[in-house]
1. Expected output is a single nm value to one decimal: the length gained when fully extending between Glu45 and Asn155, i.e. 0.36 nm times separation in residues minus the C-alpha distance. What is it?
2. Cβ neighbours within 10 Å, averaged per peptide: list 283-293, 206-216, 307-317 in order, most packed at the top.
3. With a sphere of radius 13 Å drawn around the Cβ of Asn8, what net charge do the other residues whose Cβ falls strictly inside it have (Lys, Arg +1; Asp, Glu -1)?
4. Only Lys, Arg, Asp and Glu count, each charged at its Cβ (+1, +1, -1, -1), so figure out the dipole size of segment 187-243 about its Cα centre, rounded to 20 debye.
5. Under 13 Å from the Cβ of Pro47, count the other residues' Cβ atoms, weight Lys and Arg +1, Asp and Glu -1, and hand me the total.
6. What nm distance separates the two modelled labels at Thr374 and Glu189, each placed 7 Å from Cα along Cα→Cβ?
7. About its Cα centre, what dipole magnitude does segment 29-180 give when the only charges are +1 on Lys and Arg Cβ and -1 on Asp and Glu Cβ, stated in debye to the nearest 20?
8. Please give the contour-minus-distance gain from Gln359 to Thr6: 0.36 nm per residue of separation, less the Cα-Cα distance, rounded to one decimal in nm.
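Laboratory data are not the source of any read-out in this text; all were calculated from the coordinates shown. Keep in mind the model is a prediction, meaning the values are calculated, not measured. Please note: Cβ atoms are built from the backbone with ideal geometry, for glycine as well, and neighbour counts cover all protein chains shown.
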Amino acid sequence: MIERDTGNWSFETDVVVVGSGGCGITAAVAAAQIGAEVFVLEKQERPLSNTARSYGMVPAAGTRFQKAAGVDETPEDFARDILNKNHHTSDPDMTLHLARTARTLVEWLVDEVGAELYFVNDFLYVGHTKHRMHSPPNRTGAELLADLRKAADANKNIDIVNDSPAVGLIVDEHDAVIGVVVQRREGRERIRARKVILASNGFGGSTDLLRQYIPEMADALYLGGEGNTGEGILWGMALGAEVAYMDAYQSHGSVAVPYNVLITYAVISEGGFQVNKNGQRFGTEIQGYSERALDVLAQPERLAWNIFDERIHQLGMTFEEYRGAYEAGAMKKADSIGDLARLLGLDADSVTRTFETYQAAARGELPDPFGRPTHAVLEPPFYGVKVTGALFHTQGGLKVDFDARVLKKDGSPIPNLYAGGGVAAGVSGHGPGGYLSGNGLLTALGYGYLAGKHAAQAIKNGR
């Protein structure tokens, strides 16, 4: 919804941020540190954003933490991995810009926000050629968001209001954004703002938009934020903004059933494998966990089973969500692969044949039937968990410039309007296959940081 200036305002502020997830709070803190007065509007009474649901792992190359771990690389190397994963379909300049921003972002999060981040060097996600993840202690996005919220709550320039959905933008006679409309329980309010930052994520929670842009995932399990229904993107489009990569999304082929808990794909990338209900593997497991979701959903009953060993289980236990799933009984454990198959409700003979072929390939005795590169031989005891594929968030949206300003189709910025996270076009190219682990937080926190800093500096400079 777009409304015109009527001259009637409930109150005024410097910056309004729509959304209180990772992008929104990052933007708010970045703007407030420069001196802007920031008002954050959150749609839900008890928000649970995509950042909070993530592992909280922020990818960045060239940080002092990476260097201290003995990893030598540049943001250009990181950008190359992103582009290789999406087959060079994302905007190369923006991809490199975000990769360069990430280095500053991570150190800012630690030094100025107070976030507790540690360098991750015990496994690599598919597509990453170097260790470059920076993670909270228990590897949860909730920890990262809690640190951001703590910084925001301590800043007197920031007000965060829950249960206050923005329902539209307000523009002047030149279509410059000058405020937002918010629906409070007491009624509607019109907030005048010098800058507006859209940080309300994408449209994973909108069946209508999914059917329009990503029909293959419209009926899939959705584990993203319930409030991600695409309004920010629609408002931008109504003002003539250009959109890009609307078919892009991050899904996952390893969500525990019926627990709806994400099982880290490290259990597969580090040597585990997947079978279907018939006890058979179905394609190489390591093309990437996002595109793997479609393979899993194509199996009988839309199910698969992860099978791995004690070494990999111990790696999984470093993730809080995995520990919760394990304690809830999602994983089965056995000393033989046949016994494990029976515990999982699968045909023991079929799973055993699949396992023996997999092990022989690991020992170098024959080529892997699906072309999977060499991996370690699995040793007992063995673990298994039933999983399905799920959608987590969309990756397409409004085109933005290097300062996260929303762009019109002619390439000029819509005055005073910024976007980040799922509202903005990401760097994953098209479909699910271009998603490199960490792309979501890269665009959420990266664009939020850029938008907040630029908006506040522009206000400070009288623009």
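1. Full-extension gain reported as 37.4 nm.
2. Working: 283-293: 22.6, 206-216: 16.7, 307-317: 18.7.
For the peptides 283-293, 206-216, 307-317, the packing ranking is 283-293, 307-317, 206-216.
3. Numbers: positive: Arg4, Arg188, Arg190, Arg192; negative: Glu3, Asp5, Glu12, Glu189.
Taking every Cβ under 13 Å from that of Asn8, the sum is 0.
4. Numbers: 6 positive and 7 negative charges, 110 e Å.
For this selection, approximately 520 debye.
5. Details: positive: Lys43, Arg46, Arg53, Arg149; negative: Glu42, Glu45, Asp163, Glu226.
Spelling it out: positives minus negatives among the neighbours equals 0.
6. Once both label points are built, they end up 6.4 nm from each other.
7. Numbers: 15 positive and 23 negative charges, 130 e Å.
For segment 29-180, the charge dipole is close to 620 debye.
8. Details: separation 353, 0.36 × 353 = 127.08 nm, distance 7.10 nm.
The Gln359-Thr6 span can extend by a further 120.0 nm.
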